[in-house]
1. Give me the pairs, please: first residue somewhere in the stretch 375-393 and on the phi < 0 side of the Ramachandran plot, second residue anywhere and hydrophobic (A, V, I, L, M, F, W, C) and exposed (fewer than 14 other Cβ atoms within 10 Å of the Cβ), beta-carbon distance under 8 Å, and either six or more positions apart or on two chains.
2. Name the single residue, out of those in the stretch 380-420 being in a helix (DSSP H, G or I) and open to solvent by less than 30 Å² (accessible area, probe 1.4 Å), that is farthest from Y88 (Cα to Cα).
3. Report the residue count in the stretch 315-352 for those that are in a loop (DSSP other than H, G, I, E, B) and either without any contact (Cβ under 8 Å) to a residue 24 or more places away in the chain or in contact with a strand residue (DSSP E or B) (Cβ under 8 Å, 6 or more places away or on another chain) (or both).
4. Free of Cβ contacts under 8 Å to residues at least 60 places away in the same chain, out of contact with any Cys (no Cβ under 8 Å at 6 or more places or on another chain) and open to solvent by less than 40 Å² (accessible area, probe 1.4 Å), is that true of F219?
5. If we scan the stretch 114-134, do we find a residue that is open to solvent by 30 Å² or more (accessible area, probe 1.4 Å) and out of contact with any Gly (no Cβ under 9 Å at 6 or more places or on another chain)?
6. Here are some residues: A346, A319. Which one is of a type in the set (A, V, I, L, M), under 20 Å from the mean Cα position of the chain (by Cα) and surrounded by 14 or more Cβ atoms within 10 Å (Cβ to Cβ)?
7. Here are some conditions: (1) surrounded by fewer than 17 Cβ atoms within 10 Å (Cβ to Cβ); (2) under 17 Å from the mean Cα position of the chain (by Cα). V85 meets all but one. Which one does it not meet?
Amino acid sequence: MTSIHVKNDNQIYPPPHSEHLIHPKYRPDIDGLRAIAILFVVGFHAFPNWVQGGFIGVDIFFVISGYLISTIIIGSLERGSFSFVEFYSRRIKRIFPALLLVLIACFVFGWFTQLAEEYKLLGKHIAGGAGFVANFIFWDERGYFVSAAETKPLLHLWSLGIEEQFYIVWPFLLWFAWKKRIKLLTITIIVGVISFALNIGEVNGGHVVAAFYSPQTRFWELLMGSVLAYMALHRQQIFPKCRHRLDKWLSKIVYEHAPETNGKLLRNIQSMFGGVLIAIGVLVITKERYFPGWWAVLPTLGVVLIISAGAQAWFNRVALSNRVLVWFGLISYPLYLWHWPLLSFARIVESDMPTLEVRISAVLISILLAWLTFRLIEKPIRFGKRSRAKTVMLLVLMVVVGYMGYNSYKRDGLGFRLPKILQEFTQYQHDFSTDFRQGTCFLNPEQDTSAFNACTSQPEEDKKPSILLWGDSHAAHLYVGYKASFGEKYKIIQRTAGGC
């Protein structure tokens, strides 16, 4: 006798398979959208003057992620087979492998290239990335005495933090609503509207950084995908009568003899209009705009229109589903993880914006690393056997890597890695409150550079080894302490200028 599975609304569903969660039907056009998103982001980071609005690729990712994740959760809940353990096991096998590899690579590279203070900050960011709270850390790290964003190799993990926070909150909220027989579409719309209102309120109030990094002001973008997932699962269309009339009207305009209305023309126009919205977004949105705010509606609505048009819409079938874009879509996650650390470390090593050749090389290397990560790390772990053992191992490794970063932060960047002279610099103590900048040779931008000639604490004939203090006001304020602590042993040469 064939078994059946009965859920709490007395509807009969097929029995669950060995895996309880549903698998969304694969759509190559969504991988094409992923490719567009990652190419925007990489373009913005590598060539910011050419792709000024490329950061909206993250917003495209948010909608796609919300759509796919909510399809799994809502579909499985309504089938009566949702499992938290299986859901989070899938997330761990999807997210952790490539992330672990990148975090370890940054830890190793920073060991050999960064001074103690830089490495301390990197350790903090590794711990934050491993704990998926990077968005809160970078939100807090703003102000004059904070390193430039370009020198933070893990800055891009802020978006991953928001996604993982969504994965933690949203399944429980949907499960609770389903248990209480609250319509899932209703709860999704309510939470999405609240999140969007908070976003607008923060931006209008001048708290743009908070709106950018805060999960509650970003969840609405993922929830747009969630609404789309519910509609797709229930084969519902927004304003179906209006859509039918609009399709009929468009057919009369386009065709000499209008064919029978089947919605195909409307879906084609809908997907192309979605593409136009995304294109407008990347062209007109810049980092000078108050973002996300209302501006984020352009790319997110564009993604909703494209996905809801269906895989057979012309733009989706021909443009987004071509092999090149699908290939980039498949490696989009590891490419997102790899590209920014390579560009950031290149900037750290060169102490300035890397040359065009270096940036192109970094992008090509990141594509190669992403493909290798996808083939050799991601696929075997996600789809191989021994799922439970892999999940436990990945969890343990993430805890270990997070502790490595935290330990580096708490131990002030592990200064023992450095030559003895640098260790001495990192360990000295000096009270700047009593004689701050007294006797320094601090230059203002309007001063003539000839004043540099007097910037030494010892005469030129002194045979002591030299210390060169070079930089802006951050460097200038160190002079007094260095002179007091090391002046007898070293000749200190200061070359600093304010705001340079």
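The values are calculated or read from the model by the stated rules, or taken from the named source; none is laboratory data. Model, not experiment: these values are computed from the prediction. Using ideal geometry, Cβ is built from the backbone for each residue, glycine included, and neighbour counts are taken over all protein chains shown. To get the accessible areas, we keep the full protein, side chains included, count just its heavy atoms, and leave off ligands, DNA and RNA. Shrake-Rupley method; radii C 1.70, N 1.55, O 1.52, S 1.80 Å.
1. Within 8 Å, no pair qualifies.
2. Per the criteria, the residue is G415.
3. 2
4. yes
5. Within the stretch 114-134, not a single residue is open to solvent by 30 Å² or more (accessible area, probe 1.4 Å) and out of contact with any Gly (no Cβ under 9 Å at 6 or more places or on another chain).
6. On the way: A319 fails: under 20 Å from the mean Cα position of the chain (by Cα).
Within the list A346, A319, the selection yields A346.
7. (2)
Per-residue answers, yes or no, for (1) under 18 Å from L342 (Cα atoms); (2) out of contact with any Leu (no Cβ under 9 Å at 6 or more places or on another chain); (3) not polar (S, T, N, Q):
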residue	(1), (2), (3)
L100	yes, no, yes
Y119	yes, no, yes
G128	no, no, yes
K152	yes, no, yes
L155	yes, yes, yes
N199	no, yes, no
